[in-house]
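J.: Take a look at this one; I'll ask things after.
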Amino acid sequence: MVVLPWKRRPRARCGITSDKRAATTTTTTDHEKAPDVDPVMIPSNFICPISLELMKDPVTLCTGITYDRHSIETWLGAGNATCPMTNQHLTTSLEPIPNHTIRKMIQDWCAENHASGVERVPTPKIPLRSVDVLDMVAKLVNSQDDEAKCRETVAQIRNSAKESERNRCCIVENGAALALSSLFHLFASSHGHDLQRNVLLLGEILSAIASILPPPIQIQIQIEIEVKVQIERYLSSLESLQCIVWFMNHGDHESQRRSAVLVLKRMLAMAPGKTMEVLLGVGAGEAVEGLVKLIKKPVFAASGGSSTKAALVVIYHMITSDIHDQAAAGSNSTTTSTMIIKKFIEMRLTCSILELLVDADRSICEKALRLLDRICDYEEGRSSAYHHALTMPLVIKKLLRVSDMASELSVSILWKLCKNEAVLVEEALRLGGFQKLLLLLQSAAGWRGSGEGRRTKEKVTELLRLMNLRKDSSNMVECIDSMDFKDLKRPF
(Lines give C-alpha, C1' and ligand atoms only; values in the text may rest on other atoms or scores of the structure.)
Protein backbone atom coordinates (compact mmCIF):
# COMPACT_ATOMS: atom_id res chain seq x y z
CA MET A 1 0.00 0.00 0.00
CA VAL A 2 1.52 3.32 -1.05
CA VAL A 3 1.01 6.03 1.55
CA LEU A 4 1.49 9.62 0.47
CA PRO A 5 2.01 12.71 2.65
CA TRP A 6 -0.67 15.04 1.33
CA LYS A 7 -3.95 15.87 3.06
CA ARG A 8 -7.41 15.10 1.70
CA ARG A 9 -9.91 17.77 0.84
CA PRO A 10 -13.06 17.72 3.02
CA ARG A 11 -16.17 16.06 1.62
CA ALA A 12 -14.20 14.32 -1.10
CA ARG A 13 -13.41 10.74 -1.87
CA CYS A 14 -10.27 9.92 -3.72
CA GLY A 15 -7.78 7.13 -4.02
CA ILE A 16 -4.12 7.42 -4.93
CA THR A 17 -2.39 4.35 -6.20
CA SER A 18 0.76 3.19 -7.92
CA ASP A 19 0.59 0.98 -11.00
CA LYS A 20 0.48 -2.18 -8.87
CA ARG A 21 -1.18 -1.01 -5.68
CA ALA A 22 -4.17 1.15 -4.86
CA ALA A 23 -5.36 3.04 -1.81
CA THR A 24 -8.82 4.51 -1.50
CA THR A 25 -9.83 6.97 1.22
CA THR A 26 -13.43 7.94 1.86
CA THR A 27 -14.57 10.97 3.83
CA THR A 28 -18.22 11.62 4.68
CA THR A 29 -20.13 14.30 6.51
CA ASP A 30 -22.83 13.77 9.10
CA HIS A 31 -25.59 14.39 6.55
CA GLU A 32 -24.47 13.10 3.17
CA LYS A 33 -21.93 10.94 1.42
CA ALA A 34 -19.34 12.45 -0.85
CA PRO A 35 -19.54 11.54 -4.51
CA ASP A 36 -17.33 8.76 -5.86
CA VAL A 37 -14.07 9.79 -7.51
CA ASP A 38 -11.86 7.50 -9.54
CA PRO A 39 -8.50 6.62 -7.93
CA VAL A 40 -5.50 8.72 -8.95
CA MET A 41 -2.71 6.55 -10.36
CA ILE A 42 0.87 7.49 -9.56
CA PRO A 43 3.14 6.94 -12.56
CA SER A 44 5.76 4.31 -11.73
CA ASN A 45 8.68 6.59 -12.68
CA PHE A 46 7.56 9.04 -9.96
CA ILE A 47 7.95 6.45 -7.19
CA CYS A 48 11.23 5.96 -5.31
CA PRO A 49 12.44 2.34 -5.72
CA ILE A 50 13.56 2.32 -2.06
CA SER A 51 10.66 3.95 -0.15
CA LEU A 52 7.93 3.16 -2.74
CA GLU A 53 6.61 6.67 -2.13
CA LEU A 54 6.24 9.69 -4.39
CA MET A 55 9.67 11.35 -4.73
CA LYS A 56 9.99 14.83 -3.25
CA ASP A 57 13.60 15.47 -4.29
CA PRO A 58 14.54 13.09 -7.12
CA VAL A 59 18.26 12.52 -7.70
CA THR A 60 20.08 10.24 -10.11
CA LEU A 61 23.14 8.07 -9.47
CA CYS A 62 25.90 7.47 -12.01
CA THR A 63 24.07 4.24 -12.92
CA GLY A 64 21.15 6.24 -14.32
CA ILE A 65 18.62 5.13 -11.66
CA THR A 66 16.60 7.86 -9.95
CA TYR A 67 15.80 7.80 -6.21
CA ASP A 68 14.41 10.20 -3.62
CA ARG A 69 17.35 12.07 -2.10
CA HIS A 70 16.57 11.19 1.52
CA SER A 71 16.26 7.47 0.75
CA ILE A 72 19.45 7.14 -1.30
CA GLU A 73 21.51 9.28 1.08
CA THR A 74 20.36 7.07 3.96
CA TRP A 75 21.45 4.04 1.91
CA LEU A 76 24.86 5.54 1.09
CA GLY A 77 25.30 6.86 4.63
CA ALA A 78 24.96 3.32 5.96
CA GLY A 79 28.22 2.43 4.18
CA ASN A 80 26.78 0.98 0.97
CA ALA A 81 28.65 1.77 -2.26
CA THR A 82 26.32 0.08 -4.73
CA CYS A 83 23.19 1.02 -6.62
CA PRO A 84 20.21 -0.56 -4.80
CA MET A 85 18.41 -1.41 -8.05
CA THR A 86 21.27 -2.70 -10.20
CA ASN A 87 23.70 -3.70 -7.44
CA GLN A 88 26.37 -2.03 -9.57
CA HIS A 89 29.40 -0.73 -7.68
CA LEU A 90 29.53 3.08 -7.69
CA THR A 91 33.10 3.60 -8.83
CA THR A 92 32.57 6.94 -10.59
CA SER A 93 30.88 9.03 -7.90
CA LEU A 94 28.78 8.63 -4.77
CA GLU A 95 27.37 12.13 -5.17
CA PRO A 96 23.77 11.97 -6.51
CA ILE A 97 22.81 14.48 -9.21
CA PRO A 98 19.47 16.39 -8.94
CA ASN A 99 17.01 15.24 -11.61
CA HIS A 100 15.21 18.49 -12.41
CA THR A 101 13.27 16.96 -15.29
CA ILE A 102 11.57 14.31 -13.16
CA ARG A 103 10.96 16.83 -10.38
CA LYS A 104 9.24 19.22 -12.82
CA MET A 105 7.11 16.34 -14.17
CA ILE A 106 6.11 15.36 -10.60
CA GLN A 107 5.12 18.95 -9.79
CA ASP A 108 3.07 19.21 -13.01
CA TRP A 109 1.32 15.92 -12.19
CA CYS A 110 0.51 17.16 -8.68
CA ALA A 111 -0.96 20.36 -10.14
CA GLU A 112 -3.11 18.38 -12.59
CA ASN A 113 -4.52 16.27 -9.74
CA HIS A 114 -4.95 19.12 -7.29
CA ALA A 115 -8.74 18.78 -7.46
CA SER A 116 -8.44 15.23 -6.11
CA GLY A 117 -6.61 16.44 -3.01
CA VAL A 118 -3.02 15.98 -4.22
CA GLU A 119 -0.73 18.62 -2.73
CA ARG A 120 2.09 20.09 -4.77
CA VAL A 121 5.61 18.88 -4.01
CA PRO A 122 7.69 21.99 -3.18
CA THR A 123 10.91 22.73 -5.00
CA PRO A 124 13.72 21.48 -2.71
CA LYS A 125 16.74 23.55 -1.86
CA ILE A 126 19.93 22.36 -3.49
CA PRO A 127 22.14 20.85 -0.77
CA LEU A 128 25.74 21.85 -0.35
CA ARG A 129 28.46 19.98 -2.16
CA SER A 130 32.02 19.52 -0.98
CA VAL A 131 33.25 21.94 -3.64
CA ASP A 132 30.83 24.61 -2.35
CA VAL A 133 32.17 24.30 1.19
CA LEU A 134 35.79 24.37 0.02
CA ASP A 135 35.00 27.53 -1.93
CA MET A 136 33.51 29.18 1.19
CA VAL A 137 36.51 28.15 3.28
CA ALA A 138 38.86 29.66 0.68
CA LYS A 139 36.88 32.91 0.72
CA LEU A 140 37.05 32.91 4.51
CA VAL A 141 40.82 32.56 4.52
CA ASN A 142 41.34 35.20 1.82
CA SER A 143 39.01 37.81 3.36
CA GLN A 144 40.57 38.09 6.83
CA ASP A 145 41.50 41.72 6.13
CA ASP A 146 38.02 42.63 4.88
CA GLU A 147 35.56 42.47 7.76
CA ALA A 148 32.46 42.94 5.59
CA LYS A 149 33.33 40.06 3.23
CA CYS A 150 34.40 37.90 6.14
CA ARG A 151 31.08 38.44 7.94
CA GLU A 152 29.19 37.71 4.73
CA THR A 153 30.99 34.38 4.25
CA VAL A 154 30.56 33.40 7.91
CA ALA A 155 26.82 34.16 7.71
CA GLN A 156 26.60 32.05 4.53
CA ILE A 157 28.20 29.09 6.31
CA ARG A 158 25.92 29.46 9.34
CA ASN A 159 22.74 29.72 7.29
CA SER A 160 23.70 26.74 5.13
CA ALA A 161 24.34 24.62 8.23
CA LYS A 162 20.91 25.49 9.64
CA GLU A 163 19.11 24.38 6.47
CA SER A 164 19.69 20.66 6.99
CA GLU A 165 21.72 18.10 8.92
CA ARG A 166 23.27 16.98 5.63
CA ASN A 167 24.62 20.48 5.01
CA ARG A 168 26.02 20.70 8.53
CA CYS A 169 27.88 17.39 8.18
CA CYS A 170 29.22 18.44 4.77
CA ILE A 171 30.49 21.72 6.24
CA VAL A 172 32.25 19.95 9.13
CA GLU A 173 33.79 17.26 6.93
CA ASN A 174 35.31 19.81 4.55
CA GLY A 175 37.22 21.86 7.10
CA ALA A 176 34.91 24.79 7.85
CA ALA A 177 34.92 24.11 11.60
CA LEU A 178 38.70 24.30 11.70
CA ALA A 179 38.78 27.47 9.56
CA LEU A 180 36.20 29.21 11.76
CA SER A 181 38.00 28.17 14.97
CA SER A 182 41.29 29.50 13.62
CA LEU A 183 39.64 32.77 12.60
CA PHE A 184 37.94 33.15 15.99
CA HIS A 185 41.26 32.66 17.80
CA LEU A 186 42.97 35.12 15.43
CA PHE A 187 40.51 37.97 16.01
CA ALA A 188 40.11 37.21 19.74
CA SER A 189 43.85 37.53 20.31
CA SER A 190 44.67 40.33 17.86
CA HIS A 191 43.52 43.18 20.11
CA GLY A 192 43.87 41.70 23.56
CA HIS A 193 41.00 42.71 25.81
CA ASP A 194 39.65 45.29 23.34
CA LEU A 195 36.97 42.98 21.96
CA GLN A 196 34.70 45.84 20.94
CA ARG A 197 36.77 46.43 17.79
CA ASN A 198 35.77 43.03 16.39
CA VAL A 199 32.67 42.27 18.43
CA LEU A 200 30.30 41.96 15.45
CA LEU A 201 32.59 39.64 13.50
CA LEU A 202 33.45 37.56 16.57
CA GLY A 203 29.75 37.23 17.38
CA GLU A 204 29.02 35.99 13.86
CA ILE A 205 31.88 33.47 13.99
CA LEU A 206 30.80 32.22 17.42
CA SER A 207 27.24 31.70 16.17
CA ALA A 208 28.52 29.79 13.14
CA ILE A 209 30.74 27.55 15.27
CA ALA A 210 27.79 26.77 17.56
CA SER A 211 25.70 25.85 14.50
CA ILE A 212 28.18 23.46 12.87
CA LEU A 213 29.97 21.72 15.75
CA PRO A 214 28.35 18.30 16.20
CA PRO A 215 26.76 17.17 19.49
CA PRO A 216 29.22 15.69 22.04
CA ILE A 217 28.20 12.11 21.21
CA GLN A 218 29.06 12.62 17.51
CA ILE A 219 32.27 14.64 17.84
CA GLN A 220 34.55 11.59 17.70
CA ILE A 221 32.69 10.26 14.65
CA GLN A 222 32.41 13.40 12.50
CA ILE A 223 35.74 15.10 13.23
CA GLU A 224 39.10 13.50 12.51
CA ILE A 225 41.54 13.29 15.40
CA GLU A 226 44.09 15.67 13.85
CA VAL A 227 41.42 18.25 13.05
CA LYS A 228 39.86 17.84 16.49
CA VAL A 229 43.21 18.56 18.17
CA GLN A 230 43.65 21.75 16.15
CA ILE A 231 40.13 22.96 16.93
CA GLU A 232 40.78 22.28 20.62
CA ARG A 233 43.99 24.30 20.47
CA TYR A 234 42.28 27.32 18.94
CA LEU A 235 39.07 27.36 20.99
CA SER A 236 40.56 26.40 24.36
CA SER A 237 43.25 29.08 24.20
CA LEU A 238 43.28 31.78 26.84
CA GLU A 239 42.23 34.48 24.37
CA SER A 240 39.38 32.45 22.88
CA LEU A 241 37.91 31.44 26.23
CA GLN A 242 38.15 35.02 27.49
CA CYS A 243 36.14 36.07 24.45
CA ILE A 244 33.56 33.30 24.92
CA VAL A 245 33.07 34.23 28.59
CA TRP A 246 32.74 37.89 27.60
CA PHE A 247 29.94 37.07 25.14
CA MET A 248 28.23 34.91 27.75
CA ASN A 249 28.08 37.93 30.08
CA HIS A 250 27.85 40.93 27.79
CA GLY A 251 26.47 39.67 24.47
CA ASP A 252 24.20 42.27 22.87
CA HIS A 253 21.81 39.61 21.60
CA GLU A 254 20.37 36.48 23.16
CA SER A 255 21.79 34.47 20.26
CA GLN A 256 25.33 35.52 21.21
CA ARG A 257 24.90 34.38 24.82
CA ARG A 258 23.34 31.12 23.67
CA SER A 259 26.12 30.48 21.14
CA ALA A 260 28.79 31.16 23.78
CA VAL A 261 27.48 28.59 26.26
CA LEU A 262 26.85 26.00 23.52
CA VAL A 263 30.43 26.32 22.24
CA LEU A 264 31.72 26.11 25.82
CA LYS A 265 29.74 22.89 26.32
CA ARG A 266 31.16 21.43 23.09
CA MET A 267 34.69 22.30 24.20
CA LEU A 268 34.18 20.55 27.53
CA ALA A 269 33.15 17.45 25.57
CA MET A 270 36.19 17.65 23.28
CA ALA A 271 38.90 18.65 25.77
CA PRO A 272 37.48 18.78 29.31
CA GLY A 273 40.76 18.98 31.23
CA LYS A 274 42.44 21.71 29.20
CA THR A 275 39.25 23.75 28.72
CA MET A 276 38.43 23.69 32.43
CA GLU A 277 41.98 24.55 33.43
CA VAL A 278 42.05 27.60 31.16
CA LEU A 279 38.46 28.56 32.04
CA LEU A 280 39.25 28.68 35.74
CA GLY A 281 42.40 30.67 34.97
CA VAL A 282 40.51 33.17 32.82
CA GLY A 283 38.43 34.31 35.75
CA ALA A 284 36.00 31.93 37.33
CA GLY A 285 33.97 34.81 38.74
CA GLU A 286 32.96 36.09 35.31
CA ALA A 287 32.14 32.59 34.07
CA VAL A 288 30.02 31.91 37.18
CA GLU A 289 28.11 35.15 36.74
CA GLY A 290 27.33 34.46 33.08
CA LEU A 291 26.24 30.86 33.67
CA VAL A 292 23.90 31.71 36.54
CA LYS A 293 22.36 34.49 34.43
CA LEU A 294 21.54 31.94 31.75
CA ILE A 295 19.68 29.80 34.29
CA LYS A 296 17.84 32.72 35.86
CA LYS A 297 16.79 34.18 32.51
CA PRO A 298 16.80 31.45 29.86
CA VAL A 299 17.26 32.62 26.28
CA PHE A 300 15.46 31.27 23.21
CA ALA A 301 12.81 29.27 25.08
CA ALA A 302 11.52 28.09 21.69
CA SER A 303 14.76 26.17 21.11
CA GLY A 304 13.86 23.65 23.82
CA GLY A 305 15.96 25.21 26.56
CA SER A 306 19.26 24.32 24.90
CA SER A 307 21.09 27.24 26.52
CA THR A 308 19.74 26.30 29.97
CA LYS A 309 20.77 22.67 29.54
CA ALA A 310 24.22 23.71 28.33
CA ALA A 311 24.65 26.07 31.31
CA LEU A 312 23.70 23.29 33.76
CA VAL A 313 26.22 20.93 32.14
CA VAL A 314 29.02 23.51 32.22
CA ILE A 315 28.37 24.36 35.88
CA TYR A 316 28.40 20.66 36.77
CA HIS A 317 31.78 20.31 35.03
CA MET A 318 33.13 23.31 36.93
CA ILE A 319 32.29 21.93 40.36
CA THR A 320 33.26 18.33 39.56
CA SER A 321 36.29 19.02 37.40
CA ASP A 322 39.09 16.45 37.41
CA ILE A 323 41.42 19.33 38.16
CA HIS A 324 40.08 19.40 41.72
CA ASP A 325 40.41 15.65 42.11
CA GLN A 326 43.87 15.21 40.61
CA ALA A 327 46.69 14.92 43.06
CA ALA A 328 45.07 14.79 46.47
CA ALA A 329 48.33 16.16 47.81
CA GLY A 330 47.78 19.41 45.95
CA SER A 331 46.91 21.99 48.58
CA ASN A 332 45.14 24.27 46.10
CA SER A 333 42.72 21.55 44.97
CA THR A 334 40.20 21.79 47.80
CA THR A 335 40.63 25.56 48.05
CA THR A 336 39.81 26.07 44.35
CA SER A 337 36.80 23.74 44.49
CA THR A 338 35.40 25.41 47.60
CA MET A 339 35.99 28.84 46.10
CA ILE A 340 34.01 27.95 42.97
CA ILE A 341 31.13 26.58 45.06
CA LYS A 342 31.07 29.71 47.24
CA LYS A 343 30.90 31.92 44.16
CA PHE A 344 27.97 29.95 42.80
CA ILE A 345 26.21 30.10 46.17
CA GLU A 346 26.79 33.87 46.37
CA MET A 347 25.15 34.18 42.94
CA ARG A 348 22.10 32.34 44.39
CA LEU A 349 22.56 29.30 42.17
CA THR A 350 20.57 27.07 44.53
CA CYS A 351 17.59 29.43 44.37
CA SER A 352 17.80 29.53 40.55
CA ILE A 353 17.90 25.73 40.30
CA LEU A 354 14.88 25.29 42.57
CA GLU A 355 12.87 27.87 40.64
CA LEU A 356 13.85 26.08 37.41
CA LEU A 357 12.58 22.77 38.81
CA VAL A 358 9.05 24.06 39.32
CA ASP A 359 7.93 23.44 35.72
CA ALA A 360 10.99 22.00 33.99
CA ASP A 361 10.80 19.23 31.41
CA ARG A 362 12.40 15.84 32.00
CA SER A 363 15.82 16.62 30.53
CA ILE A 364 16.26 19.92 32.38
CA CYS A 365 14.83 18.40 35.56
CA GLU A 366 17.37 15.55 35.57
CA LYS A 367 20.28 17.92 34.91
CA ALA A 368 19.11 20.37 37.60
CA LEU A 369 18.67 17.60 40.19
CA ARG A 370 22.12 16.20 39.39
CA LEU A 371 23.64 19.63 39.88
CA LEU A 372 21.71 20.19 43.13
CA ASP A 373 22.84 16.77 44.35
CA ARG A 374 26.46 17.73 43.68
CA ILE A 375 26.03 21.10 45.42
CA CYS A 376 24.72 19.31 48.51
CA ASP A 377 28.08 17.55 48.84
CA TYR A 378 29.41 20.82 50.22
CA GLU A 379 28.47 22.40 53.53
CA GLU A 380 27.75 25.75 51.87
CA GLY A 381 25.46 24.06 49.37
CA ARG A 382 23.53 22.14 52.03
CA SER A 383 23.11 25.32 54.03
CA SER A 384 21.67 27.24 51.06
CA ALA A 385 19.27 24.37 50.28
CA TYR A 386 18.24 24.07 53.94
CA HIS A 387 17.21 27.72 54.14
CA HIS A 388 15.14 27.70 50.94
CA ALA A 389 11.42 27.04 51.39
CA LEU A 390 11.05 25.21 48.05
CA THR A 391 13.75 22.61 48.59
CA MET A 392 11.83 19.85 50.36
CA PRO A 393 8.48 20.29 48.55
CA LEU A 394 10.13 20.20 45.12
CA VAL A 395 12.54 17.33 45.80
CA ILE A 396 9.80 15.13 47.26
CA LYS A 397 7.44 16.07 44.43
CA LYS A 398 9.98 14.82 41.87
CA LEU A 399 10.03 11.36 43.46
CA LEU A 400 8.25 8.92 41.11
CA ARG A 401 7.06 11.83 38.96
CA VAL A 402 9.80 12.37 36.34
CA SER A 403 12.03 9.35 35.74
CA ASP A 404 14.01 6.67 37.57
CA MET A 405 17.11 8.83 37.38
CA ALA A 406 15.29 11.82 38.84
CA SER A 407 13.97 9.64 41.68
CA GLU A 408 17.46 8.38 42.52
CA LEU A 409 18.87 11.92 42.51
CA SER A 410 16.00 13.13 44.70
CA VAL A 411 16.69 10.33 47.19
CA SER A 412 20.36 11.30 47.28
CA ILE A 413 19.50 14.97 47.92
CA LEU A 414 17.03 14.04 50.68
CA TRP A 415 19.59 11.78 52.32
CA LYS A 416 22.28 14.47 52.33
CA LEU A 417 19.92 17.07 53.77
CA CYS A 418 18.00 14.95 56.30
CA LYS A 419 20.68 12.78 57.88
CA ASN A 420 21.72 15.54 60.29
CA GLU A 421 18.61 17.74 60.31
CA ALA A 422 15.59 16.52 62.30
CA VAL A 423 13.56 19.55 61.16
CA LEU A 424 13.87 18.49 57.54
CA VAL A 425 12.91 14.92 58.42
CA GLU A 426 9.67 16.19 59.96
CA GLU A 427 9.01 18.38 56.92
CA ALA A 428 9.55 15.39 54.61
CA LEU A 429 7.01 13.45 56.69
CA ARG A 430 4.42 16.20 56.41
CA LEU A 431 4.90 16.27 52.63
CA GLY A 432 4.20 12.55 52.23
CA GLY A 433 7.81 11.52 51.76
CA PHE A 434 7.44 8.37 53.89
CA GLN A 435 4.84 6.77 51.61
CA LYS A 436 6.67 7.76 48.42
CA LEU A 437 9.91 6.24 49.69
CA LEU A 438 8.09 3.05 50.62
CA LEU A 439 6.68 2.82 47.11
CA LEU A 440 10.11 3.48 45.63
CA LEU A 441 11.66 0.80 47.81
CA GLN A 442 9.32 -1.89 46.55
CA SER A 443 9.59 -0.84 42.92
CA ALA A 444 12.22 -2.98 41.19
CA ALA A 445 12.13 -0.67 38.15
CA GLY A 446 13.44 2.15 40.31
CA TRP A 447 17.03 0.88 40.24
CA ARG A 448 19.06 1.60 37.11
CA GLY A 449 22.03 -0.61 37.97
CA SER A 450 23.20 -3.00 40.62
CA GLY A 451 25.85 -0.76 42.21
CA GLU A 452 23.90 2.47 41.98
CA GLY A 453 20.71 0.64 42.94
CA ARG A 454 22.22 -0.77 46.13
CA ARG A 455 23.43 2.67 47.21
CA THR A 456 20.03 4.20 46.51
CA LYS A 457 18.29 1.39 48.39
CA GLU A 458 20.55 1.96 51.41
CA LYS A 459 19.74 5.68 51.38
CA VAL A 460 16.00 5.01 51.12
CA THR A 461 16.20 2.55 54.03
CA GLU A 462 18.05 5.05 56.21
CA LEU A 463 15.61 7.83 55.34
CA LEU A 464 12.67 5.59 56.24
CA ARG A 465 14.32 4.73 59.55
CA LEU A 466 14.83 8.42 60.38
CA MET A 467 11.27 9.27 59.39
CA ASN A 468 9.85 6.34 61.31
CA LEU A 469 11.54 7.57 64.47
CA ARG A 470 10.05 11.03 64.07
CA LYS A 471 6.71 9.58 63.00
CA ASP A 472 6.36 7.54 66.18
CA SER A 473 7.24 10.52 68.38
CA SER A 474 4.81 12.99 66.79
CA ASN A 475 1.20 13.16 65.67
CA MET A 476 1.68 15.26 62.55
CA VAL A 477 -0.71 15.13 59.59
CA GLU A 478 0.90 14.10 56.31
CA CYS A 479 0.12 15.70 52.97
CA ILE A 480 -0.50 12.94 50.43
CA ASP A 481 -1.11 13.24 46.71
CA SER A 482 -3.05 10.20 45.52
CA MET A 483 -1.55 10.48 42.02
CA ASP A 484 1.83 9.50 43.44
CA PHE A 485 0.47 6.10 44.50
CA LYS A 486 -1.38 4.98 41.38
CA ASP A 487 1.30 2.30 40.77
CA LEU A 488 1.29 0.97 44.33
CA LYS A 489 1.23 -2.84 44.44
CA ARG A 490 -1.67 -4.08 46.56
CA PRO A 491 -1.73 -7.52 48.29
CA PHE A 492 -5.29 -8.18 47.10
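J.: Kindly state, to the nearest 0.05, the FRET efficiency for Ala115 paired with Met339, given R0 = 45 Å and r defined as their beta-carbon distance.
T.: 0.05
J.: Also, quick follow-up: Using a Förster radius of 25 Å, what is the FRET efficiency between His250 and Leu186 based on their Cβ-Cβ separation? Nearest 0.05, please. Before the final figure, lay out the partial values.
T.: Values: r = 21 Å, r/R0 = 0.83.
That gives a FRET efficiency of 0.75.
J.: Now a separate question. List, in the order given, every pair from Lys228/Lys309; Lys293/Lys398; Lys265/Lys398; Lys436/Lys459 whose Cα-Cα distance in the structure shown is over 20 Å.
T.: Numbers: Lys228/Lys309 24 Å; Lys293/Lys398 24 Å; Lys265/Lys398 26 Å; Lys436/Lys459 14 Å.
Result: Lys228/Lys309; Lys293/Lys398; Lys265/Lys398 exceed 20 Å.
J.: Would you kindly find the accessible area of Met270, with a 1.4 Å probe and non-protein molecules such as ligands, DNA and RNA excluded, rounding to the nearest 10 Å²?
T.: Accessible surface of Met270 is approximately 10 Å².
J.: Separate question: Between Val423 and Ile50, 0.36 nm times their residue separation minus their Cα-Cα distance comes to what?
T.: Working: separation 373, 0.36 × 373 = 134.28 nm, distance 6.55 nm.
Full extension of this stretch gives 127.7 nm more.
J.: In addition: Under a Cβ-Cβ cut-off of 12 Å, what is the net charge of the residues other than Val227 that fall near it, where Lys and Arg count +1 and Asp and Glu count -1? Working shown, then result.
T.: Values: positive: Lys228, Arg233; negative: Glu173, Glu224, Glu226, Glu232.
So the environment of Val227 carries a net charge of -2.
J.: Just the accessible area for Glu254, please: 1.4 Å probe, Å², rounded to the nearest 10?
T.: Surface accessible to solvent at Glu254 totals approximately 90 Å².
J.: How much area per residue is accessible in region 218-272 when the probe is 1.4 Å and only protein heavy atoms are counted (Å²)?
T.: Details: 2280 Å² over 55 residues.
Accessible surface, normalised per residue, equals 41 Å².
J.: Label Met85 and Leu469 with points 7 Å out from Cα along Cα→Cβ: what is the distance between them in nm?
T.: About 7.8 nm separates the two model spin labels.
J.: What does the net charge come to around Leu76 if you take all other residues with beta carbon closer than 15 Å to its beta carbon, with K and R at +1 and D and E at -1?
T.: Numbers: positive: Arg69, Arg129, Arg166; negative: Asp57, Asp68, Glu73, Glu95, Glu165, Glu173.
With Lys, Arg at +1 and Asp, Glu at -1, the neighbours total -3.
J.: A follow-up question, please. Beta carbons within 10 angstrom, averaged per residue: use that to sort the peptides 115-123, 367-375, highest first.
T.: For the peptides 115-123, 367-375, the packing ranking is 367-375, 115-123.
J.: Right, another one. Label Arg362 and Arg348 with points 7 Å out from Cα along Cα→Cβ: what is the distance between them in nm?
T.: Taking the two extended label points, one gets 3.2 nm.
J.: List, in order, the whole-Hz ³J(HN,Hα) value for each residue of region 347-359 obtained from phi through the Karplus relation with A = 6.51, B = -1.76, C = 1.60 and θ = phi - 60°; use x for Gly and Pro.
T.: Ordered by residue, 3J(HN,Hα) equals 7, 6, 5, 4, 4, 5, 5, 5, 5, 5, 6, 4, 9 Hz.
J.: Let me ask something else. Heads up, I need the accessible area for His253: 1.4 angstrom probe, whole protein in place, Å², nearest 10.
T.: My reading of the accessible area for His253 is about 110 Å².
The values are calculated or read from the model by the stated rules, or taken from the named source; none is laboratory data. Note that this is a predicted model, so its numbers are computed, not measured. In this analysis, Cβ positions are derived from the backbone assuming ideal geometry, glycine residues included, and neighbour counts consider all displayed protein chains. Remember, those area values only see protein heavy atoms, side chains included, never the ligands or the DNA or RNA. Shrake-Rupley method; radii C 1.70, N 1.55, O 1.52, S 1.80 Å.
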